[in-house]
Amino acid sequence: MTAAARMPRPDAPTGSVRLLAGSVESGAPAKWADHLARYGPLPVGVDGPAELIDLVDRSGLRGRGGAGFPMSRKLRTVAAGRGRPVVVANGCDGDPATVKDAKLLEFAPHLVIDGVLLACHAVGADEATICVGEGDAHAWYVYAALQARRHEEITIRVAQVPHRYVASEESALVNFLNTGDARPTVTPPRPAERGVGGRPTLVDNVETLAHLALITRFGAEWFRAAGTAESPGTTLVTVGGAVRRPGVYEVELGTPVGAVLAEAGGESEPLQAVQMGGLGGSWMPIEQTHALPLAHEDCREAGTVMGSAALVALPERACGIAETARTLRYLAVESAGQCGPCMFGLPAIADDVDDLVRGGDASGDTLDRLRNRLGTIQGRGACAHPDGATRFAAAALRVFADDIADHAAGRPCPWSHAAPWLPVPAPTSQDARK
Amino acid sequence: MGDGARVGLEVDPIMCRGHGLCAELLPEQVVLDEWGYPQLASPEVPPSLRAQARAAVNACPTLALRLQRLDGGARPS
Ligand SMILES: Cc1cc2nc3c(=O)[nH]c(=O)nc-3n(C[C@H](O)[C@H](O)[C@H](O)COP(=O)(O)O)c2cc1C
Ligand code: SF4
Ligand code: SF4
C-alpha cells in the first residue's frame, strides 16, 4: 500500500459538478496528486467483480456514448463471455458537435483511468485500450496520466483512431484495433461477444467509465441523488451555437434544456430551434425545448434524441434547411461506403435537401421522394450511421416545414448562404482521397 | 434446418453488392430499392416459398443472402 492509499476518503462531491469537480474552479487539469486529494484512492479489491457489477446495476448507470445502454448489462455479458475479456474506452468524440470527452480526458484523465481499471476488475480483463482521435492534443494528458501510474497491474494502451465519423462506432473501433481498418463490421457478433483478438470486449464511453470510478467510491445512492429515476447521475453536455459561453458543462440528467442553455450564458440572440444529440441527432423547435428534461426517456417521448448530449442553439437569423443540407452532405461523405443503402442513399437525401434549399421543389415531388427515401434507408446499414442521418433529416422536415414551403414558393429566407452554425468540419485532403 | 422451423431471410449489408439476383429469383419476398439493393418484404419466409428462397440464397454471388431460423437460434439483439 502506498501512502496515498492510506489517505482518508475525501467527501463526495455535492451538487451537479462531479466529474469536473475542482478542475472547474482551478481551470487546470488534475494531476495524480490533485486527483487523490479530490477523490481519494481507488477502492479496487474492496468489492469482488460480482459485487461491483451489482453496485453498477443499483446505480442505474447508463452509457454516455449516445445510446444510453445500461452499463451493468454489458458488464455481465462481457464477464460471461468465452475467453479473457478486453476493455476499450471510447474517447473519440466522433461527432463534431461533441467535445465533452476531450474535456474530460484533459481535466480528469485519472478518473477515466480509474474507471478503466474498475471495468477490467469487473469483467476479468488484464488489458485495456483508451481510444482518442488521431493527433488530439488532449492525448498528451492521457499519456502523462498513464506515465504517473506506471505501476498499475493492468496494461493500458492509447490508440489514436482516424478522425472519421463512423470510426468511433464500437465495431469499427474493434476492427481498427484488430486490423487497422476503422470501418464498422456486421453485428452479430457484437464486440461484447467477440471483439478485440476475438475476445469478449467491453466498449464503453470514457465518461461512463469516469462515473463508474465515482460510484465505486461514493455509492449507488449518492449517484442517484442527481438525475432522474431512469437516467440517474450527471452528464457532460457540449453546448454550441448562439449562446454566450459555448463549451462543456456538467449538469444533472433531467435538467431542462432551457436551463442548460442558461448555464452556457443563455441565448446570445433570439433562437428558433435546438439541434440535439450530435449531428446524427435531431432538431427541436425552440418553444418545445425550454422545459424538455435532458434525459433519454423524456427526449424519446418528445420525439427527439439525447444522444451524446450535444446542444446547438440555432438563432432566428439562420436557415435550418441549409444547415441540414450541409450536415447531410458531411454525413454522406462520412459513410464508410460499405453498405448500398448508406453509400447511395445518404448522397441522394443530401441532394434532395439541397434542392429544397434552392427552392427547386415547386411541385413538391422532391419532398415526396425524400420522405420515401428516408423510410427506405432506415435500418439497412451494418451500423447505425444511416439511421442517425435519416432521423436528423426527418426532424428537419418537421421543424422547418414552413421554411421548406417558403423556399418552394420562391421565397427563400435571407440566411441560406449565411455562415454555418452547426459545427460541420471543413473537408480535409483525406476526404478527397476516399 | 428442420422442416417445422420458421425461417427468415437476412441480408448482410456489407457483403451485398446489389446484383439483384435474389429479387429475380424471389420477387415475392425481395424488392430492389432505387439503387438496386434488396429490401425484404417480410421477416418470415412462408413454407410455400422455402425452396425458392433457398435457390436465391445459393445464387447470391457474394454469400450476402442467408436463411436464418427465426425461433430457437434467433440472432441475439
Ligand atoms: C456512427 C457512430 C459513431 C459513434 N461515435 C461514438 C464516439 O465517438 N464515442 C462514443 O463513446 N460512442 C460512439 N458511438 C457509440 C458506440 O458505438 C458505443 O455504443 C459506445 O461507445 C458505448 O459506450 P457506452 O455504452 O458507455 O455509451 C458511435 C456510434 C455510431 C453508430
Ligand atoms: S451503414 Fe454506412 S457507415 Fe455503417 S458500415 Fe455501412 S456503409 Fe459504413
Ligand atoms: S443476390 Fe446477393 S449480392 Fe445480389 S442483391 Fe441479392 S443479396 Fe445482394
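When chain A is described by a simple charge dipole with +1 on each Lys and Arg Cβ and -1 on each Asp and Glu Cβ, the residue from A:SER429, A:LEU212, A:ALA362 located farthest towards its positive end is A:LEU212. Using a simple spin-label model with pseudo-atoms 7 Å out from Cα toward Cβ, B:ALA41 and A:ILE154 lie 5.2 nm apart. Computed log10 I(q)/I(0) for the stretch B:1-62 at 0.16, 0.20, 0.28, 0.29 Å⁻¹: -0.47, -0.72, -1.33, -1.40, from the Debye equation with unit scatterers placed on every C-alpha and solvent omitted.
Computed from the Cα positions only, the extents of the stretch A:195-323 along the three principal axes stand at 50, 36, 28 Å, in decreasing order. Computed from label points 7 Å out along Cα-Cβ, the spacing between A:ASP387 and A:ALA80 is 2.2 nm. Here the stretch A:222-342 carries DSSP beta bridges of which approximately 80% are antiparallel, counting only pairs with both residues inside. 3J(HN,Hα) couplings calculated from phi for the stretch A:163-169 with the Karplus curve 6.51 cos²θ - 1.76 cosθ + 1.60 (θ = phi - 60°) are, in sequence order, 7, 10, 4, 8, 5, 9, 5 Hz; Gly and Pro show x. Cα centroid separation, the stretch A:183-208 to the stretch A:328-406: 29 Å. 222 nm [θ] for the protein assembly as shown, helices only, -39500 (n - 2.57) per DSSP H run of 4+, per residue, to 500? Helices in the protein assembly as shown give a 222 nm mean residue ellipticity of -11000 deg cm²/dmol. One chain, two ends: A:ALA418 and A:GLU316. Fully extended at 0.36 nm per residue, the span grows by 35.5 nm beyond their Cα-Cα distance. Got a sec? Charge dipole of the protein assembly as shown, +1 on Cβ for Lys and Arg, -1 for Asp and Glu; which of A:GLY68, A:VAL274, A:ALA401 is way out at the positive end? The Cα lying farthest towards the positive end belongs to A:GLY68. Take a quick pass over chain A and tell me how many lysine pairs come in under 26 angstrom between Cα atoms, counting only ones 8 or more apart or on separate chains. Counting lysine pairs in chain A gives 4. Between amide H atoms placed 1.01 Å from N, distances below 5 Å from A:VAL86 occur with A:THR201, A:LEU202, all of them 5 or more places distant or on a separate chain. Volume per residue of the convex hull around the Cα atoms, evaluated for the protein assembly as shown, comes out as 153 Å³.
Please list B:ARG69, A:ARG149 in order of solvent-accessible area, largest first, computed with a 1.4 Å probe with all protein chains present.
My answer, sorted largest first, is B:ARG69, A:ARG149.
A full extension of the chain between B:ALA5 and B:ALA55 corresponds to an added length of 16.2 nm, given 0.36 nm per residue minus the alpha carbon distance. Only one residue of A:ALA33, A:PRO386, A:SER231 has its Cα farthest out toward the positive end of the dipole of the protein assembly as shown, where Lys and Arg carry +1 and Asp and Glu -1 on Cβ, and that residue is A:ALA33.
Placing +1 on the Cβ of every Lys and Arg and -1 on the Cβ of every Asp and Glu, with no other charges, gives the protein assembly as shown a dipole of roughly 1240 debye about its Cα centre.
Considering only DSSP beta bridges with both partners in the protein assembly as shown, what is the antiparallel share in %, to the nearest 5?
Roughly 55 percent of the beta bridges in the protein assembly as shown run antiparallel, per DSSP.
Subtracting the Cα-Cα distance of A:ASP368 and A:ALA409 from 0.36 nm times their residue separation leaves 13.2 nm of extension gain.
The values are calculated or read from the model by the stated rules, or taken from the named source; none is laboratory data. Please read all numbers here as calculations on a predicted model, not as lab measurements. Every residue, glycine among them, receives a Cβ derived from its backbone with ideal geometry; neighbour counts consider all protein chains shown. Surface accessibility is based on the protein's heavy atoms, side chains included, excluding ligands, DNA and RNA. Shrake-Rupley method; radii C 1.70, N 1.55, O 1.52, S 1.80 Å.
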